[in-house]
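One structure below.
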Amino acid sequence: MSKEKILYAENKDQIANLEMSVNYGKGLIENSIAEWNRICPVNTLTLDELHSFIGADPLRLPLPEKVDSLLREKLVTGKKLSFEGIALNAEKLKELLVMPDLTGFIASLSKFKDPIPYKVFAMHDYIYWEYYQIEAGKVQILTEGVESYKNSFREYAETAEELERLKSILPVCKAMTEFMKLNPKITDCAWISTNLMIYDAEGLFFYPSYAFVKYNRF
């Protein structure tokens, strides 16, 4: 196994999709946290608690009663449950609370059900909850996890054999790219084995195929 590792191809559209989704999700989470802090400034919401309101079903809207229950819990938690030396029952106190208006927070949760913008068709259309954390009230993106997922859309030559095949095919890709530029009327590349190289019709260039670099198929 060679220690060298060379990137030779990547799905830029899917990487762009991921970046758009992660940034979009961060904005939604920040909005919901801000709405929660407006109605419950004494006890902020955790990421897991926020996620529990959303659920996995993209058609299910957040349940106001679930929000109401947790809010009552947080408004009472940490409070001194006595009045002039008389102990108060926490559960009864929750029932007697005059609740703030939840409309803004519920509306912020509903936005998680809206379609997520993407550059091209995406196989996954959801919020990547595992790539966020809330630190000191601020939503942060866990960039290491995001970069790791981006690598699933990238192809690397890693072994000595793969690097040798990559070295042999790169000049061919370059030559074929120049050939296509000099012959713009040629638009059909079906005559070239996709096991050997792939043509990027948008970027107008050839790049080595996974089948050839990894498995010596052509």
Longer than 32 Å from Cα to Cα, which of Lys74/Lys113; Lys74/Lys150; Lys150/Lys181; Lys26/Lys174 are they? Say none if no pair is. Lys74/Lys150; Lys26/Lys174
Could you rank the peptides 16-23, 111-118 by their average count of other C-beta atoms within 10 Å per residue, with the highest value first? 16-23, 111-118
How far is it, in nm, from the label point at Lys66 to the one at Lys150 when both lie 7 Å from their Cα along the line to the Cβ? 3.3
Taking R0 as 41 Å, what's the FRET efficiency between Asn183 and Tyr215 from their Cβ-Cβ distance, rounded to 0.05? 0.85
Evaluate the distance, in nm, between pseudo-label points positioned 7 Å from the Cα of Asp48 and of Asp101 along their respective Cα→Cβ axes. 3.3
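Any read-out appearing in this document is the output of simple, stated calculations on the displayed coordinates, not a laboratory observation. Only a predicted model underlies this, so the values are computations on that prediction, with no experimental measurement involved. No Cβ is skipped: glycine too gets one built from the backbone with ideal geometry, and neighbour counts run over all protein chains shown.
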